[in-house]
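Down below is the structure, laid out as structure tokens.
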Amino acid sequence: MTASPTLVPVLSPAGPAAQAIAEISWVLLIGATVLFVGTMALLAWALVRRRRDGEVVLRPLWWLAGGGLVLPVLVLTALFFYSLHRAPPWKAVPPADALVVSVTGRMWWWEIRYRDPVSGADIVTANELRLPVGRPVYLGLSSLEVIHSLWIPELGGKMDMVPGRVNHLLLQASRAGVYRGQCAEFCGEAHARMALHAVAMPQAEFDAWLAGQARPAVVANSPAALQAGRAVFEGQKCFVCHTVRGVAEGSRLGPDLTHVGGRLFIASGTLRNGPVEMKQWLSQVHEVKPGARMPSYARLSQGEMDALVQWLGALK
Ligand code: CUA
């Protein structure tokens, strides 16, 4: 599945919330254009009249009161009620059929939690928000350290993520696809590289994906080549920050890597996920993402790096 880059994602809505925003944007854009062109036409007309007739035209006070007071009041009042009526609804509780997902802003990545429909346990992943097409998704948004803001323009508007409180955002994808999201609140050095991808997929595919995410990493009985990669992960103490369920659990400092091999992107949407990119990321962390809190692993030998990359890629 590939992300479909759109020139102006805000005007290419893929869900009802974004649809409403796109509609309001068009009304504002077209309305502003009409008013601007109208004003310029009046100005040109007045200048022509002054040159021709030598004096100021008609009653200036009427024009000032009409154009400066009556018209703005009418236009702004109409826009106020229109946007109030058309804006996506804010809901204090999730709709009955909604999928509830928690997203926590971190410096500078996204921790994403689902509820396992079978066991009720949390399923933790990172930087990739998978959602079933056609079903409302109710996001509980929070943050651990600083204020972030979640924005996936093709699916809906922005919502702040504030430490110590939970904000809500209701999104829905009306067609399958990959939609890029971005942190929309300056949150420190790597703010610009704090992206995520929303992947909308048919309900059955989503269910299968979620069941896969619920399982620990499939590493038992792995061939010797993969065992070597796991040994590097353990030898370098990557587990101090990263959880790989079934291998090393407990840390929330960095993204959960249990199924990192199955993600479309790495480094919070900065690089596509593949062996070449993973190697680039691990050996040039701060060139790829200045400010990232992970140390660079350029010191690994070629063999260790290859083994580690191969093992991470196999965590699907
Ligand atoms: Cu997180 Cu900007």
Checklist entry - Has segment 82-105 got at least one residue that is among the aliphatic types (A, V, I, L, M), modelled with pLDDT of 95 or more and part of a loop (DSSP other than H, G, I, E, B)? => result no
Checklist entry - If you check every pair at least six apart or on different chains, which have Cβ atoms under 6 Å apart with a residue in segment 23-39 that is in the same structural domain as PRO9 (by TED's automatic domain parsing) first and a residue that is surrounded by 10 or more Cβ atoms within 10 Å (Cβ to Cβ) second? => result ILE24/SER83; ILE24/ARG86
Next on the checklist: Filter segment 7-22 down to the residues that are assigned to a helix (DSSP H, G or I) and surrounded by 15 or more Cβ atoms within 10 Å (Cβ to Cβ) and list them by number.
Outcome noted: PRO9, LEU11, PRO16, ALA17, ALA18, GLN19, ALA20, ILE21, ALA22
Checklist entry - Would a scan of segment 95-111 turn up a residue that is at positive phi and not assigned by TED's automatic domain parsing to the domain that holds LEU271? => result no
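For every residue, the table says whether it meets (1) of a type in the set (Phe, Trp, Tyr); (2) modelled with pLDDT of 90 or more; (3) open to solvent by less than 70 Å² (accessible area, probe 1.4 Å); (4) part of a strand (DSSP E or B).
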site	(1), (2), (3), (4)
ALA220	no, no, no, no
GLY269	no, yes, yes, no
PRO290	no, yes, yes, no
GLN310	no, yes, no, no
Item to check | Residues satisfying the stated conditions in segment 169-193, i.e. open to solvent by less than 10 Å² (accessible area, probe 1.4 Å), away from the ligand (no atom under 16 Å from the Cβ) and in a loop (DSSP other than H, G, I, E, B) | outcome: ALA173
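Okay, residues lined up against (1) more than 16 Å from the ligand (Cβ to nearest atom); (2) open to solvent by less than 30 Å² (accessible area, probe 1.4 Å); (3) in contact with a strand residue (DSSP E or B) (Cβ under 8 Å, 6 or more places away or on another chain); (4) closer than 30 Å to GLY134 by Cβ:
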| site | (1), (2), (3), (4) |
| --- | --- |
| ALA200 | yes, yes, yes, yes |
| PHE206 | yes, yes, yes, yes |
| ALA225 | yes, no, no, no |
| THR243 | yes, yes, yes, no |
Checklist entry - Taking segment 108-133, which residues are part of a loop (DSSP other than H, G, I, E, B) and either surrounded by 15 or more Cβ atoms within 10 Å (Cβ to Cβ) or within 15 Å of the chain's Cα centre (by Cα) (or both)? => result TRP108, ASN127, VAL133
Checklist entry - Taking MET161 and the conditions (1) away from the ligand (no atom under 15 Å from the Cβ); (2) of a type in the set (A, V, I, L, M); (3) without any contact (Cβ under 8 Å) to a residue 60 or more places away in the chain, which numbered condition does it fall short on, given that it satisfies the others? => result (1)
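The values are calculated or read from the model by the stated rules, or taken from the named source; none is laboratory data. Predicted, not measured: the structure shown is a model, and the values here were computed from it. Here the Cβ is made from the backbone with ideal geometry for all residues, glycine too, and neighbour counts use every protein chain on show. When the accessible area is computed, the model is the full protein with side chains, heavy atoms only, and any ligands, DNA or RNA have been set aside. Shrake-Rupley method; radii C 1.70, N 1.55, O 1.52, S 1.80 Å.
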